[in-house]
Amino acid sequence: MSQSDQNTESTNQSWGGRFSEPTDAFVERFTASVGFDYRLYAQDIKGSIAHATMLAKVGVLTEAERDLIIEGLEGVRADIEAGKFEWSVSLEDVHMNIEAALTKRIGIAGKKLHTGRSRNDQVATDIRLYLRDAIDVISGELSRLQTGLLDLAEREADTIMPGFTHLQTAQPVTFGHHLLAWFEMLQRDHGRLRDCRARLNQSPLGAAALAGTTYPIDRAMTAELLGFDKPTENSLDSVSDRDFAIEFCSFASILMTHLSRASEELVLWTSAQFGFIDLPDRFCTGSSIMPQKKNPDVPELVRGKTGRVNGHLISLLTLMKSQPLAYNKDNQEDKEPLFDAVDTVRDCLRAFADMIPAIESRKDNMYEAAKRGFSTATDLADYLVRKGTPFRDAHEVVGKSVAYGLKTGKDLSEMTLEELQQFSDTIEQDVFDVLTLEGSVAARNHIGGTAPDQVRAAVQRARATLQS
């Protein structure tokens, strides 16, 4: 073997021909991605099978070579899934590890698989396939959580609780109505997720390194075989685009913000100071020193993981902000933030989807809390306006009534008619129909309102959207 052959043998087989010395051992480890991109193996093999099928159709491979390659790839997949595959850092990434294993298994035909493609379009294809699969799983968990919310909201349609602004008692609502607010947040998230999937579902395979290939490939065929809607239009953009990963992380950040807001309320509501709900023991932990403690760890962790996902979005935006076309090694850094965002979102949704249906409301505590803070004050103002009092005058009357209540320790509903009439002689006996908590929530009987019948109707409309 010549010195040139020896040098080639000691460098990476996918590109070593141009190099006269092997990669530094540290640089080899520093630049390798197989430690995290190995999880793309199923998508990589799927893309390679489609590529080989297409190459045989256009005459670049024989049918025998195609069959040998596909059989070999299936064997490699079986080894990986059986835990028999040895990943090598010296082969850099998942793509070259699989190709090297294929060639070792079937011989020279394995070296023909890469004809007409580059690792640039290969990895772009793999990530889209991976994220598409991940989105489908996440969409299922999101639907499961939304269904759990609707079930709980329907069960709690009549359960009165205080509604808050500035975390101060504002007006009475029902627990079911409050839960439907969470549902609406998640419904918007689900729409963003579907939009993201639709935009990413285009095939970059065939763009090669950046400028396409001279081989007579059929990109529409590989797109169809892989379940893509169509091939991407521009080869430069095809290999360098990571908008779909950024868009997913944007969805993930907004979703986690919504879950974090819900988590904050769950944490508050389980505290002794609120006592609105009980979480099942299986979603909580205790204290190593305080035996009485029951800590709401699941919502606390979801709240904490929100910052982690937000960071992944910023990482990807920063990664892409200064890259010239087309592919750059920087893009290797796209996978770890994306993978972790996928894992975190999936796990948080699973935890919430399991936990939400098991929440038990403490109705008496909610009701008593709604009685505090003059929560029907707005109802009294509306009553006066319906009786002909200008709103600003009505606002002043109610303000004085509240001040009187603070001095006497009485809620508006606990005052006598004579006490209320000292602030306005417009007030009559029928005022007590609107000053009760039940009357207050029932009076807001419109779409999006708090009336229990409206809550139940909203649940049914929401179920229809999930089933469509």
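Identify the residue in the range 85-108 that is assigned to a helix (DSSP H, G or I) and of a type in the set (S, T, N, Q) and, among all such residues, is nearest to Ala52 (Cα to Cα). Step through it out loud before you land on a result.
Filtering the range 85-108 down to residues assigned to a helix (DSSP H, G or I) leaves 89-91, 94-108.
Among the residues that remain, those that are also of a type in the set (S, T, N, Q) are: 90, 97, 103.
Numbers: Ser90: 25, Asn97: 17, Thr103: 14 Å.
Looking at the filtered set, the residue picked out is Thr103.
Being more than 20 Å from Glu247 (Cβ to Cβ) and touching a helix residue (DSSP H, G or I) at 6+ places or on another chain (Cβ under 6 Å) narrows it down to one of Thr213, Thr222, so name that one. Full working, then the answer.
On the way: Thr213 fails: touching a helix residue (DSSP H, G or I) at 6+ places or on another chain (Cβ under 6 Å).
Thr222 is the lone residue from the list that is more than 20 Å from Glu247 (Cβ to Cβ) and touching a helix residue (DSSP H, G or I) at 6+ places or on another chain (Cβ under 6 Å).
Quick one: which residue in Glu92, Glu156, Glu141, Glu81 is among the acidic types (Asp, Glu), over 20 Å from Phe339 (Cα atoms) and either in contact (Cβ under 8 Å) with a residue 12 or more places away in the chain or surrounded by fewer than 16 Cβ atoms within 10 Å (Cβ to Cβ) (or both)? Talk me through it step by step, then tell me what you get.
Working: Glu92 fails: over 20 Å from Phe339 (Cα atoms); Glu141 fails: over 20 Å from Phe339 (Cα atoms); Glu81 fails: over 20 Å from Phe339 (Cα atoms).
Exactly one of Glu92, Glu156, Glu141, Glu81 is among the acidic types (Asp, Glu), over 20 Å from Phe339 (Cα atoms) and either in contact (Cβ under 8 Å) with a residue 12 or more places away in the chain or surrounded by fewer than 16 Cβ atoms within 10 Å (Cβ to Cβ) (or both), namely Glu156.
Results for (1) open to solvent by 30 Å² or more (accessible area, probe 1.4 Å); (2) not in a helix (DSSP H, G or I), shown as yes or no for each residue.
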site	(1), (2)
Ala245	no, no
Ser250	yes, no
Leu259	no, no
Glu265	yes, no
Trp269	no, no
Ala272	yes, yes
Ser287	yes, yes
Lys293	yes, yes
Pro299	no, no
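This table checks each residue for (1) at pLDDT below 85; (2) more than 30 Å from the chain's Cα centre (by Cα); (3) surrounded by 15 or more Cβ atoms within 10 Å (Cβ to Cβ); (4) β-branched (Val, Ile, Thr).
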| position | (1), (2), (3), (4) |
| --- | --- |
| Gly17 | yes, yes, no, no |
| Glu21 | yes, yes, no, no |
| Gly35 | no, no, no, no |
| Ala50 | no, no, yes, no |
| Gly59 | no, yes, no, no |
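Among the residues of the range 314-341, which ones are in a loop (DSSP other than H, G, I, E, B) and open to solvent by 60 Å² or more (accessible area, probe 1.4 Å)?
First pass over the range 314-341, keeping only residues in a loop (DSSP other than H, G, I, E, B): 321-328.
Of everything in the range 314-341, those that are in a loop (DSSP other than H, G, I, E, B) and open to solvent by 60 Å² or more (accessible area, probe 1.4 Å) turn out to be Lys321, Ser322, Pro324, Leu325, Tyr327.
Name the pairs: first residue in the range 436-458 and open to solvent by 50 Å² or more (accessible area, probe 1.4 Å), second residue at pLDDT below 95, Cβ to Cβ under 6 Å, at least 6 apart or on different chains?
Taking only residues 6 or more apart or on different chains, the pairs are Thr436/Ser413.
Consider only pairs whose beta carbons are under 8 Å apart and that are at least six residues apart or on different chains; among these, list those whose first residue lies in the range 256-267 and is within 12 Å of Phe352 (Cα to Cα) and whose second residue is at pLDDT below 95 and not hydrophobic (A, V, I, L, M, F, W, C).
Close Cβ pairs (under 8 Å, with a partner that is at pLDDT below 95 and not hydrophobic (A, V, I, L, M, F, W, C)) amount to Leu266/Pro296.
From the residues in the range 393-426 that are at pLDDT 95 or above and among the basic types (Lys, Arg), which one is least open to solvent (accessible area, probe 1.4 Å)?
Result: Lys400.
So which residues in the range 61-73 are open to solvent by less than 20 Å² (accessible area, probe 1.4 Å) and either under 26 Å from the mean Cα position of the chain (by Cα) or closer than 15 Å to Ala101 by Cβ (or both)?
Here is the first cut: in the range 61-73, the ones open to solvent by less than 20 Å² (accessible area, probe 1.4 Å) are 61, 69, 72-73.
Within the range 61-73, Ile69, Gly72, Leu73 qualify.
The values are calculated or read from the model by the stated rules, or taken from the named source; none is laboratory data. Predicted model, so just to flag it, every value in this text is computed and none were measured. Every residue, glycine among them, receives a Cβ derived from its backbone with ideal geometry; neighbour counts consider all protein chains shown. Note: accessible area is taken over every heavy atom of the protein model, side chains too, but ligands, DNA and RNA are not part of it. Shrake-Rupley method; radii C 1.70, N 1.55, O 1.52, S 1.80 Å.
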